[in-house]
Amino acid sequence: MKKTNFDHYLEEQLQDPAIASRFEHAGEAWDVALQISALRQQAGLSQKELAKLLHTSQQQISRLESAGYEGHSLSMLRRVAEALHSRVRVIFEPVEYQTGMHVAETPAPYQVKRSAEDAGEEDTA
């Protein structure tokens, strides 16, 4: 796919560590906002209805669903998750430094299923 002028501009801007950091944080806030909104909609609730369940205001729910909002507290995220029959997962990932070497496959983010041999079971084949 051919790169657009914006692609080139973004690559250039992201060379600045401060801009790259802000861009990364904005993406994290966007992910949280989209997840809350999607879960709320799947539950068939309006922002006002979810606010009532959480004993808060519709404006607070709107803030939580805003991509620019970065004031999410873990306690509020837990309350939202409970009301929407979900759970909160926070994952810390090591920062990958570019060394010029690339791994062909990204590591599994969670548990890797063990083979029967690894689990101490005999292979029946």
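The values are calculated or read from the model by the stated rules, or taken from the named source; none is laboratory data. A quick note: this is a predicted structure, and the numbers were derived from the prediction, not measured. Backbone-built Cβ (ideal geometry, glycine too); neighbour counts: all protein chains shown. With ligands, DNA and RNA removed, areas are computed over all heavy atoms of the protein, side chains included. Shrake-Rupley method; radii C 1.70, N 1.55, O 1.52, S 1.80 Å.
Looking only at segment 28-42, residues that are farther than 16 Å from Leu54 by Cβ, over 11 Å from the mean Cα position of the chain (by Cα) and small (Gly, Ala, Ser) come to 1 in all. Checked against (1) surrounded by 11 or more Cβ atoms within 10 Å (Cβ to Cβ); (2) of a type outside the set (Val, Ile, Thr); (3) modelled with pLDDT of 95 or more, Gly44 passes all but a single condition, namely (1).
In segment 48-62, is there at least one residue being open to solvent by less than 50 Å² (accessible area, probe 1.4 Å), outside any helix (DSSP H, G or I) and either hydroxyl-bearing (Ser, Thr, Tyr) or modelled with pLDDT under 85 (or both)? Yes; the residues of segment 48-62 include at least one that is open to solvent by less than 50 Å² (accessible area, probe 1.4 Å), outside any helix (DSSP H, G or I) and either hydroxyl-bearing (Ser, Thr, Tyr) or modelled with pLDDT under 85 (or both). Quick one: in segment 1-22, which of the residues that are out of contact with any helix residue (DSSP H, G or I) (no Cβ under 6 Å at 6 or more places or on another chain) and assigned to a loop (DSSP other than H, G, I, E, B) is modelled with the lowest pLDDT? Selected residue: Met1.
Looking only at residues that are open to solvent by less than 50 Å² (accessible area, probe 1.4 Å) and not small (Gly, Ala, Ser) in segment 63-81, which one is nearest to Leu34 (Cα to Cα)? Filtering segment 63-81 for residues that are open to solvent by less than 50 Å² (accessible area, probe 1.4 Å) and not small (Gly, Ala, Ser), the one nearest to Leu34 (Cα to Cα) comes out as Glu65.
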